[in-house]
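Enquirer: Here it is, the structure, as structure tokens.
The values are calculated or read from the model by the stated rules, or taken from the named source; none is laboratory data. Keep in mind that what you see is a predicted model, and the values were worked out from it rather than measured. Positions of Cβ are generated from backbone atoms using ideal geometry, with glycine treated the same way; all protein chains shown enter the neighbour counts. For accessibility, only protein heavy atoms count, side chains too; no ligands or nucleic acids. Shrake-Rupley method; radii C 1.70, N 1.55, O 1.52, S 1.80 Å.
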Amino acid sequence: MVKAIVGANWGDEGKGKITDMLAQDADIIVRFQGGANAGHTIVNKYGKFALHTLPSGVFYDHTTSIIGNGVALNVPKLFEEVKSITDKGVPMPKLLVSDRAQMVMPYHIDFDRFEEERLGKNSFGSTKSGIAPFYSDKYSKIGFQVSELYGDTESLKAKIARVAEIKNAMLVNLYHKPALDEKDLFNTLMEYKKMLDPFVCDTSAFLWKALKEGKTVLLEGQLGSLKDPDHGIYPMVTSSSTLAAYGAIGAGVPPYEIKQIVTVCKAYSSAVGAGAFVSEIFGDEADELRRRGGDGGEYGATTGRPRRMGWFDCVASKYGCRIQGTTDVAFTVLDVLGYLDEIPVCVGYDIDGEVTTDFPTTVMLEKAKPVLKKLPGWKCDIRGIKKYEDLPENCRNYIEFVEKEIGFPITMISNGPGRDDIIYRNK
Ligand code: GDP
């Protein structure tokens with residue numbers, strides 16, 4: 001069977017921890033979208049790791065890690081990451097890379113940077129990892145698929161010339177930068193081929209066979225529902241679909257095999273990049289939550305930038321869970337809220353004087369003001385608690401309030417960054 005682990009919000013909900021935890025009982029973990037532009041932070045017996053491309057199951061010997069066809073594959077970054085974990089004593093992961101994955105080229109990263117510079121104060125807050133230029137090229141059919149490294153050299157060179165012509169028109173005329181060198185591009189691709197060669201295969205055929213044999217497959221999403229290009233806060237979104245449904249495409253598995261969709265929701269909100277964020281808080285209140293948040297503060301795993309902070313948003317999370325097709329909610333980082341006397345929760349959006357609990361499109365979202373309700377805090381440390389009944393009453397009330405508002409069952413509660421900091425709740 002296939003289980004998807006995805007985010008309900010803007011990302012950074014703690015998907016890495018939940019995937020790492022569920023990987024104990026899984027055989028294969030697949031990254032199906034996105035690239036090295038976001039990171040999962042994982043704390044386990046080997047130490048603390050920020051993963052950007054590798055799936056969060058790489059720490060076990062019994063799992064196979066797959067980079068699916070939907071991923072924006074930054075080849076040097078992938079191997080830097082493999083080295084960064086093996087240097088810390090983690091055994092070399094069993095890694096497979098889809099022959100249908102496309103590669104992020106160095107010029108994608110340059111284009112990302114040049115465009116953000118050109119936009120100035122209107123920039124998207126991109127991580128400048130080349131993701132938007134990469135996916136634009138994929139859908140313009142001028143991307144480079146791993147399989148093309150194995151075709152005939154002349155065709156590859158002809159394609160490079162065609163791509164360079166388009167890229168150079170923009171580089172020279174729009175950005176006033178030096179043109180690309182076709183020979184350099186060819187050499188870069190041959191370098192990538194050498195690095196990838198031992199890992200490349202038809203991963204969808206591998207997964208098909210594994211599913212026939214009754215193996216358990218996890219699909220690990222990056223970012224969250226609100227960053228989906230179709231269903232999120234367009235245009236302040238990422239460039240590949242962040243939804244579980246896309247897992248079928250980005251991994252190459254039948255959609256009907258996805259039996260469980262675990263949507264990860266953080267007990268408060270955080271966001272990176274620009275865009276409407278209705279329950280956002282500022283000043284000392286935000287600084288304190290940011291400092292106490294996650295495991296060592298809410299700072300980007302890829303960029304180190306301070307994340308924008310806010311209270312839990314029931315409107316956004318209800319929508320985020322619905323659009324994912326949630327079967328289970330994993331409610332994370334709840335331990336962090338133990339310092340508050342009262343915990344505000346956003347229960348509605350006031351748009352031009354009318355209150356709604358339906359998440360609107362971006363134009364309306366920009367006008368939304370949060371309707372807050374304050375719930376009593378529990379004022380103690382809940383780390384180490386293993387049973388739901390042992391949580392303080394106000395803490396259970398907070399969970400049950402959120403569950404009712406979002407309308408999806410919270411079956412897992414994460415009360416610490418470690419693999420074992422989890423409370424299962426049978427619904
Ligand atoms: P992801 O991209 O969705 O995997 O999320 P991130 O890794 O960016 O952010 C989650 C952060 O919260 C990481 O630093 C995790 O170690 C940490 N974390 C995850 N679950 C919990 C939890 O239940 N409690 C605490 N305190 N930290 C957690």
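Enquirer: What's the total number of residues in segment 368-390 that are in contact with a strand residue (DSSP E or B) (Cβ under 8 Å, 6 or more places away or on another chain) and either open to solvent by 40 Å² or more (accessible area, probe 1.4 Å) or charged (D, E, K, R) (or both)? Break it down stepwise before answering.
Expert: Looking only at segment 368-390, we keep the residues that are in contact with a strand residue (DSSP E or B) (Cβ under 8 Å, 6 or more places away or on another chain), and these are 368-377, 385-388.
Going one step further and asking which of them are either open to solvent by 40 Å² or more (accessible area, probe 1.4 Å) or charged (D, E, K, R) (or both), we end up with 369-374, 376, 386-387.
The qualifying residues number 9.
Enquirer: Then there is this: Looking only at segment 291-304, decide whether some residue is buried (at least 18 other Cβ atoms within 10 Å of the Cβ) and away from the ligand (no atom under 14 Å from the Cβ).
Expert: No, segment 291-304 contains no residue that is buried (at least 18 other Cβ atoms within 10 Å of the Cβ) and away from the ligand (no atom under 14 Å from the Cβ).
Enquirer: Related question: Scan segment 29-48 residue by residue and report those that are open to solvent by 10 Å² or more (accessible area, probe 1.4 Å) and either farther than 23 Å from Ile109 by Cβ or of a type in the set (S, T, N, Q) (or both).
Expert: Asn37, Thr41, Val43, Asn44, Lys45, Tyr46, Gly47, Lys48
Enquirer: Let me ask something additional. Considering only residues that are loosely packed, with under 15 Cβ neighbours inside 10 Å and acidic (Asp, Glu), look in segment 113-169 and name the one that is nearest to Ala38 (Cα to Cα).
Expert: Ranking the qualifying residues of segment 113-169, first place goes to Glu117.
Enquirer: Continuing with the same structure: How many of the residues in segment 212-235 are open to solvent by 10 Å² or more (accessible area, probe 1.4 Å) and more than 17 Å from Ala8 (Cβ to Cβ)? So that I can check it myself, show each step before the final result.
Expert: Here is the first cut: in segment 212-235, the ones open to solvent by 10 Å² or more (accessible area, probe 1.4 Å) are 212-216, 223, 227, 229-232, 234-235.
Pick out the ones that are also more than 17 Å from Ala8 (Cβ to Cβ) and you get 212-216, 234-235.
Final tally of qualifying residues: 7.
Enquirer: Condition check: at pLDDT 95 or above, under 12 Å from Asp313 (Cα atoms) and open to solvent by 50 Å² or more (accessible area, probe 1.4 Å). Does Glu393 satisfy that? Steps first, please.
Expert: Working: at pLDDT 95 or above: yes; under 12 Å from Asp313 (Cα atoms): no; open to solvent by 50 Å² or more (accessible area, probe 1.4 Å): yes.
Criteria not met by Glu393.
Enquirer: Sort through Leu340, Leu334 and tell me the only one that's open to solvent by 10 Å² or more (accessible area, probe 1.4 Å), at pLDDT 95 or above and within 15 Å of the ligand (Cβ to nearest atom). Can you show your working first?
Expert: On the way: Leu334 fails: open to solvent by 10 Å² or more (accessible area, probe 1.4 Å).
Just one listed residue meets the conditions, Leu340.
Enquirer: Give segment 1-41 a look and list any residue that's among the small types (Gly, Ala, Ser) and either more than 9 Å from the ligand (Cβ to nearest atom) or at pLDDT 95 or above (or both), or say none.
Expert: Across segment 1-41, the qualifying residues are Ala4, Gly7, Ala8, Ala23, Ala26, Gly34, Gly35, Ala36.
Enquirer: Considering each of Lys209, Lys259, Lys266 in turn, give the residue that is out of contact with any helix residue (DSSP H, G or I) (no Cβ under 8 Å at 6 or more places or on another chain), within 21 Å of His40 (Cβ to Cβ) and either of a type outside the set (Gly, Ala, Ser) or open to solvent by 10 Å² or more (accessible area, probe 1.4 Å) (or both). Spell out the reasoning first.
Expert: Numbers: Lys209 fails: within 21 Å of His40 (Cβ to Cβ); Lys259 fails: within 21 Å of His40 (Cβ to Cβ).
Of Lys209, Lys259, Lys266, the one residue that is out of contact with any helix residue (DSSP H, G or I) (no Cβ under 8 Å at 6 or more places or on another chain), within 21 Å of His40 (Cβ to Cβ) and either of a type outside the set (Gly, Ala, Ser) or open to solvent by 10 Å² or more (accessible area, probe 1.4 Å) (or both) is Lys266.
Enquirer: Further question: Open to solvent by 10 Å² or more (accessible area, probe 1.4 Å), more than 16 Å from the ligand (Cβ to nearest atom) and in contact with a Ser or Thr (Cβ under 8 Å, 6 or more places away or on another chain): which single residue out of Leu73, Leu96 fits that description?
Expert: Going through Leu73, Leu96 in turn, just one is open to solvent by 10 Å² or more (accessible area, probe 1.4 Å), more than 16 Å from the ligand (Cβ to nearest atom) and in contact with a Ser or Thr (Cβ under 8 Å, 6 or more places away or on another chain): Leu96.
Enquirer: Can I ask one more? May I ask you to say which residue of Lys159, Lys128 is at positive phi and touching a residue at least 12 places away in the same chain (Cβ under 8 Å)?
Expert: The match here is Lys128.
Enquirer: Hey, could you check segment 236-256 for residues that are open to solvent by 20 Å² or more (accessible area, probe 1.4 Å) and of a type in the set (A, V, I, L, M) and say which is farthest from Asp137 (Cα to Cα)?
Expert: Looking at residues that are open to solvent by 20 Å² or more (accessible area, probe 1.4 Å) and of a type in the set (A, V, I, L, M), I get Ala245.
Enquirer: Something else now. Within segment 4-27, how many residues turn out to be buried (at least 24 other Cβ atoms within 10 Å of the Cβ) and touching a helix residue (DSSP H, G or I) at 6+ places or on another chain (Cβ under 8 Å)?
Expert: So the answer is 8.
Enquirer: Among (1) touching a residue at least 40 places away in the same chain (Cβ under 8 Å); (2) within 13 Å of the ligand (Cβ to nearest atom), where does Thr53 come up short?
Expert: Condition (1) is where Thr53 drops out.
Enquirer: Specify the residue that is farthest from the ligand (Cβ to nearest atom); the eligible residues are those in segment 406-427 that are assigned to a loop (DSSP other than H, G, I, E, B), within 22 Å of Gly320 (Cα to Cα) and not polar (S, T, N, Q).
Expert: Among them, the one singled out is Gly407.
Enquirer: Could you tell me whether segment 351-367 includes any residue that is surrounded by 15 or more Cβ atoms within 10 Å (Cβ to Cβ), touching a residue at least 24 places away in the same chain (Cβ under 8 Å) and either within 16 Å of the ligand (Cβ to nearest atom) or in a strand (DSSP E or B) (or both)?
Expert: Scanning segment 351-367 turns up no residue that is surrounded by 15 or more Cβ atoms within 10 Å (Cβ to Cβ), touching a residue at least 24 places away in the same chain (Cβ under 8 Å) and either within 16 Å of the ligand (Cβ to nearest atom) or in a strand (DSSP E or B) (or both).
Enquirer: Additional query: State whether one or more residues within segment 100-107 are open to solvent by less than 60 Å² (accessible area, probe 1.4 Å), modelled with pLDDT of 95 or more and closer than 22 Å to Leu218 by Cβ.
Expert: Scanning segment 100-107, I find at least one residue that is open to solvent by less than 60 Å² (accessible area, probe 1.4 Å), modelled with pLDDT of 95 or more and closer than 22 Å to Leu218 by Cβ, so the answer is yes.
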